[in-house]
Amino acid sequence: MSNFRAYLESMEQSPTVQAATNLYDNTPEPKPVVQEPTAQNIATAVSHNQFPLDDKQINDLCCELESIWKRRRQFAPLVRYMRQSGLPYIASGSSRMVFKLNDKKVIKLAKNIKGIDQNETEADYVLNQTEGIAQWYGVSNDGIWIVSEFCQKARQSDFKRLLGISFADYVNYVNYIVKERSGNNRTWYIHATRPENFEEYAEAENLLGGINNYIGNWDPPPGDLCRISSYGINTDGELVLVDTGLSNSVYENHYHKRRF
């Protein structure tokens, strides 16, 4: 009997018998537990210990954001992921958050549909050829993120130092261009005088000439163009416009208060 029992036990361990048993076993296999992605469990975890990020780490981060978006289609997990990433936080507006990736690049993350529209508006290849406009390097297919040029915050005194024009005179110059280019009642409230050196400004190979081209070609709302927070100084020491996401279509679709 003992020999027969040993024979049966050996047969149970046989790969052939095990395969046959599994073939007829209809018990469903347990589903794997899917954990929410966090900045701590991805292969190339982003943390202060790894800052600044190289191009491969930036690519991995962007791919992970894409993966989260495809699975959830919600903004909260994206925001939570970036807040947990340990990346230096720079700023946040009504539609986007900005985090520093390294000394040359930042990532702008959409917090809502407005942010997606602004990222997609900003990702214009012609803008990268316009003087005085911060560069962008890559954007997601769904517009949830855009990687752009890192810039230090500008101060009003930087306009006089770098462009030879006070910030107040620059605002007048911008308003004059907007009013002249628009040619409609949308800018009735803008009061501006033609600068004495208008032609020189408009043809300059810096922000002064670039903002003239930008307003003429994209017709953006003037509000943000007159705020010091919309400007920065890039790594080349140039004064640039850092936020070009607010077009007239984005403004009309998301910000304009309609009256009936």
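The values are calculated or read from the model by the stated rules, or taken from the named source; none is laboratory data. The model shown is predicted, which means the values in this text are computed figures rather than measured ones. Neighbour counts run over all protein chains shown; Cβ positions are idealised from the backbone, glycine included.
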**Study point:** Per-region count, region 93-142, residues small (Gly, Ala, Ser) and over 11 Å from the mean Cα position of the chain (by Cα)
**Key:** 4
Point to revise | Members of region 108-124 that are acidic (Asp, Glu), assigned to a helix (DSSP H, G or I) and in contact (Cβ under 8 Å) with a residue 24 or more places away in the chain | key: ASP117, GLU122
Practice item. Working carefully through the options ALA134, ALA123, ALA110, find the one that is of a type in the set (A, V, I, L, M, F, W, C) and either within 25 Å of ALA204 (Cβ to Cβ) or not assigned by TED's automatic domain parsing to the domain that holds ILE68 (or both). Key: ALA134
Study note, to complete from the structure: Matching residues in region 114-139 (among the small types (Gly, Ala, Ser) and crowded, with 21+ Cβ neighbours inside 10 Å) number 3
Exercise for review: Tally the residues that are of a type outside the set (Gly, Ala, Ser) and under 15 Å from ASP142 (Cβ atoms), restricting the search to region 82-117.
Suggested key: 10
